[in-house]
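Data first, discussion second: the structure below is written as structure tokens.
The values are calculated or read from the model by the stated rules, or taken from the named source; none is laboratory data. Given the structure is predicted, the values throughout are model-derived calculations rather than measurements. As a convention, Cβ positions derive from the backbone with ideal geometry for all residues, glycine included, and neighbour counts pool all protein chains shown.
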Amino acid sequence: MTHMQYDLEHTGTPQAHVRDLMTPAPLAISPATSVDEAYRLMQGQRIGHLPVCEDGRLVGLISERDLRLVLPSPATSLAAHEVHYLLERLTVAEIMTRFPVTIGPDHLVTEAASRMLSHKVHALPVTENRRLVGIRTRTHLLYAFIRSQAAQSVAA
């Protein structure tokens, strides 16, 4: 059972807190990680965002979009080994979003949704004292919405 399946079955009500519907202890990378490695991790794990941590503290966030912006066009004249060479030397620190919008685990789910909408972001790292404890994504919001609609149908 995935974290989200567990969360969907146990939470998602309108008064749920962020800690109730997030991915706890998400995969994170260091700022020195190569863009090539970050790309392979995201593809392999099928995730759209990677928190960037240094000494256990959140220092940035990298998204699929960030990676797409630095990947060469399929029409590039570079050979595959040249692309790989360049992406191995480019680090996450050079392209990540520094000081990403975050939220604490005790905030309400509605506050997380509001923050994501107002800042136009698709993921919120969940932090306590700048330490990463989870991540909340638009997928989590969809699960919360489905759960709340199901709860309303049962109540009606």
Q | Neighbours by Cβ (under 9 Å, 6+ apart or cross-chain): first from segment 103-122, closer than 18 Å to Leu142 by Cβ and in contact (Cβ under 8 Å) with a residue 60 or more places away in the chain; second in a loop (DSSP other than H, G, I, E, B) and among the polar types (S, T, N, Q) | A | Leu108/Gln15; Val109/Thr11; Val109/Thr13; Val109/Gln15; Thr110/Gln15
(Q) I need the full set of residues from segment 43-62 which are surrounded by fewer than 20 Cβ atoms within 10 Å (Cβ to Cβ) and within 10 Å of the chain's Cα centre (by Cα), in order please. (A) Ile47, Gly48
Q) Looking only at segment 18-47, which residues are out of contact with any helix residue (DSSP H, G or I) (no Cβ under 7 Å at 6 or more places or on another chain) and either in a helix (DSSP H, G or I) or at pLDDT below 90 (or both)? A) Arg19, Glu37, Arg40, Leu41, Gln43, Gly44, Gln45
Q: With the condition kept exactly as written, say whether any residue in segment 106-128 is of a type outside the set (Lys, Arg), at pLDDT below 95, surrounded by 19 or more Cβ atoms within 10 Å (Cβ to Cβ) and more than 30 Å from Asp20 (Cβ to Cβ).
A: no
Q: Scan segment 22-41 and report the pairs whose first residue is closer than 20 Å to Arg138 by Cβ and whose second residue is among the aromatic types (Phe, Trp, Tyr) and crowded, with 20+ Cβ neighbours inside 10 Å, with Cβ atoms within less than 7 Å and a gap of 6+ or a chain change.
A: none
Q: Look at Leu50 and say whether it is assigned to a helix (DSSP H, G or I) and at pLDDT 80 or above.
A: no
